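Heads up, the thing below is written out as structure tokens.
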């Protein structure tokens, strides 16, 4: 059984839930935190955790995080059991259904970011990193907007855990509410940081029921949450909560300049990489230009020929199609697509549930041009005048054109977070801003005059 982490100390509760894999086999049990435990953590992070972290320099905290990466990849104690790194990777595959090869790649990205946390912090701040220690640079202070952060983690991928580690690196105590279906990565990171020397009361791992999520967030100085369009609508009204919503990432191909051979590898990667579970995965593709119809058909035919067709156990090294541990999620998606004219998507093989990689091709239908949590891509043609209308509200737009006026419009569009020119939508890393610069959410500028008196 995996305990909760109360500021550096394991704690077992009577209330727990069971994690099962895509074959309905138990992986482990996870303790759940009660509201009194959560309120205790809120109090102690704001008081003790904040002061304990600010007693250390940022360089010292970064050294702890780098050491934690080494601990993370070694043997880590999960309650009474010792779990090695390879077993952890297998548990992630079993609990998420992601093919093992994608899990290995995702953890390579995560551990690389942990090892290079110093470079990432320096890249994300407008000043020299010493401002965190000196407090004031000339007449400017770079000050925290709160004394602690609560992170509500998603289940689609393990890599979003890096965002709360980034906050911890710049002196933020954290309360972590992991995904109910994949709590293992958050626990292993929390445990590794504490074992590496993160100060007491600065890191809490508190699995809990969904009903408690809102209360934790609204009681926190700052919060971050990942979720659906409904989650965005519910929490985006709060300035102290950073909301990571659906990616709705898209691809634009200008047939006046590019043909199928120029784009097919990037389109394939954008659709299939990370099992189609990432907010970076493209869910929509649009073609413009005089040869739009032909280019669209060429892309569809080429991509359709290269889609994976083998439904293998995700633990197999050659597996490419994710399984669904929650069979009802897969069945609901298949039912939605069937009602919209897309049939035969749900696949059952030896008790494992899959959704077949799916292309939708033809006239635009709003209900089908949406983000779905599997390897899915809807494609159609549009006019150049409609580019912004169809590409708005996107985490990433991957664009293939030589028309600078189009690129300029996309860069200046405030609803498009990132523009990739002739690159796959998934061609991103944790070393780059995701939905804006997280440090700007955590810190603010303050004018301080006369501070040189104390130097």
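Residue 179 passes every criterion in (1) in a helix (DSSP H, G or I); (2) farther than 21 Å from residue 394 by Cβ; (3) within 15 Å of the chain's Cα centre (by Cα) apart from (1).
Is it the case, given these coordinates, that residue 369 is surrounded by 14 or more Cβ atoms within 10 Å (Cβ to Cβ) and assigned by TED's automatic domain parsing to the domain that holds residue 276? Explain how you work it out, then say what you get.
Values: surrounded by 14 or more Cβ atoms within 10 Å (Cβ to Cβ): yes; assigned by TED's automatic domain parsing to the domain that holds residue 276: yes.
When the stated conditions are applied, residue 369 passes them.
Every test in (1) under 27 Å from the mean Cα position of the chain (by Cα); (2) over 30 Å from residue 434 (Cα atoms); (3) not in a loop (DSSP other than H, G, I, E, B) is passed by residue 311 save one, and that test is (3).
Every residue, every condition in (1) surrounded by fewer than 20 Cβ atoms within 10 Å (Cβ to Cβ); (2) under 24 Å from the mean Cα position of the chain (by Cα); (3) assigned to a helix (DSSP H, G or I); (4) not assigned by TED's automatic domain parsing to the domain that holds residue 143, yes or no:
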| residue | (1), (2), (3), (4) |
| --- | --- |
| 27 | yes, yes, no, no |
| 33 | no, yes, no, no |
| 36 | yes, no, yes, no |
| 39 | yes, no, yes, no |
| 44 | no, no, yes, no |
| 48 | yes, no, yes, no |
| 65 | no, yes, yes, no |
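In summary, residue 261 fulfils each of the numbered conditions (1) more than 24 Å from residue 389 (Cα to Cα); (2) in contact with a helix residue (DSSP H, G or I) (Cβ under 9 Å, 6 or more places away or on another chain); (3) outside any strand (DSSP E or B); (4) in contact (Cβ under 8 Å) with a residue 12 or more places away in the chain with the single exception of condition (4). Within region 354-394, being without any contact (Cβ under 8 Å) to a residue 24 or more places away in the chain and on the phi > 0 side of the Ramachandran plot holds for one residue alone: 362.
Only one of the numbered conditions (1) outside any helix (DSSP H, G or I); (2) over 23 Å from the mean Cα position of the chain (by Cα) is violated by residue 294, and that is (1).
Test of understanding: among 196, 167, 151, which residue is surrounded by fewer than 22 Cβ atoms within 10 Å (Cβ to Cβ) and on the phi < 0 side of the Ramachandran plot?
On the way: 167 fails: surrounded by fewer than 22 Cβ atoms within 10 Å (Cβ to Cβ); 151 fails: surrounded by fewer than 22 Cβ atoms within 10 Å (Cβ to Cβ).
Within the list 196, 167, 151, the selection yields 196.
Any chance you could count how many residues in region 216-242 are closer than 15 Å to residue 155 by Cα and either surrounded by 22 or more Cβ atoms within 10 Å (Cβ to Cβ) or in contact with a strand residue (DSSP E or B) (Cβ under 9 Å, 6 or more places away or on another chain) (or both)? Qualifying residue count, region 216-242: 5. Of the residues in region 191-200, none is in a loop (DSSP other than H, G, I, E, B) and under 22 Å from residue 17 (Cα atoms). Is it fair to say residue 265 is surrounded by fewer than 22 Cβ atoms within 10 Å (Cβ to Cβ) and in the same structural domain as residue 102 (by TED's automatic domain parsing)? It is false that residue 265 is surrounded by fewer than 22 Cβ atoms within 10 Å (Cβ to Cβ) and in the same structural domain as residue 102 (by TED's automatic domain parsing). Among the residues of region 264-291, those identified as modelled with pLDDT of 95 or more and either part of a strand (DSSP E or B) or more than 28 Å from the chain's Cα centre (by Cα) (or both) are 282, 283, 284, 285, 286, 287, 288. Within region 189-202, is even one residue in the same structural domain as residue 109 (by TED's automatic domain parsing), in contact with a strand residue (DSSP E or B) (Cβ under 6 Å, 6 or more places away or on another chain) and at pLDDT below 95? No. Here residue 79 fulfils each of the conditions (1) closer than 20 Å to residue 180 by Cβ; (2) modelled with pLDDT of 95 or more apart from (2). So, residue 351, is that one in contact (Cβ under 8 Å) with a residue 40 or more places away in the chain, surrounded by fewer than 20 Cβ atoms within 10 Å (Cβ to Cβ) and over 27 Å from the mean Cα position of the chain (by Cα) or not? Considered against the rule, which asks whether it is in contact (Cβ under 8 Å) with a residue 40 or more places away in the chain, surrounded by fewer than 20 Cβ atoms within 10 Å (Cβ to Cβ) and over 27 Å from the mean Cα position of the chain (by Cα), residue 351 comes out as yes. Please verify whether region 338-346 includes one or more residues that are assigned to a helix (DSSP H, G or I) and either surrounded by 14 or more Cβ atoms within 10 Å (Cβ to Cβ) or in contact (Cβ under 8 Å) with a residue 24 or more places away in the chain (or both). Looking for residues that are assigned to a helix (DSSP H, G or I) and either surrounded by 14 or more Cβ atoms within 10 Å (Cβ to Cβ) or in contact (Cβ under 8 Å) with a residue 24 or more places away in the chain (or both), one finds none in region 338-346, hence no.
Of all residues being buried (at least 17 other Cβ atoms within 10 Å of the Cβ) and out of contact with any strand residue (DSSP E or B) (no Cβ under 9 Å at 6 or more places or on another chain) in region 273-290, which is nearest to residue 322 (Cα to Cα)? Just the residue, please. Outline the logic, then answer.
Residues of region 273-290 buried (at least 17 other Cβ atoms within 10 Å of the Cβ): 273-289.
Restricting the remaining residues to those that are out of contact with any strand residue (DSSP E or B) (no Cβ under 9 Å at 6 or more places or on another chain) gives 273-275, 277.
Values: 273: 11, 274: 9, 275: 6, 277: 9 Å.
Here the answer is 275.
Kindly establish whether residue 70 is modelled with pLDDT of 95 or more and either crowded, with 20+ Cβ neighbours inside 10 Å or more than 24 Å from residue 434 (Cα to Cα) (or both).
On the way: modelled with pLDDT of 95 or more: yes; either crowded, with 20+ Cβ neighbours inside 10 Å or more than 24 Å from residue 434 (Cα to Cα) (or both): yes.
Spelling it out, residue 70 is indeed modelled with pLDDT of 95 or more and either crowded, with 20+ Cβ neighbours inside 10 Å or more than 24 Å from residue 434 (Cα to Cα) (or both).
Of the residues making up region 419-432, those that are touching a helix residue (DSSP H, G or I) at 6+ places or on another chain (Cβ under 7 Å) and touching a residue at least 24 places away in the same chain (Cβ under 8 Å) number 7. Output the residues belonging to region 105-159 that are free of Cβ contacts under 8 Å to residues at least 60 places away in the same chain and part of a strand (DSSP E or B). Across region 105-159, the qualifying residue is only 137.
Of everything listed in (1) under 27 Å from residue 12 (Cβ atoms); (2) outside any helix (DSSP H, G or I); (3) touching a residue at least 60 places away in the same chain (Cβ under 8 Å), the single unmet condition for residue 82 is (3).
The values are calculated or read from the model by the stated rules, or taken from the named source; none is laboratory data. Because the structure is predicted, anything quoted here is derived from the model rather than measured. Virtual Cβ from ideal backbone geometry, glycine too; neighbours counted across all protein chains shown.
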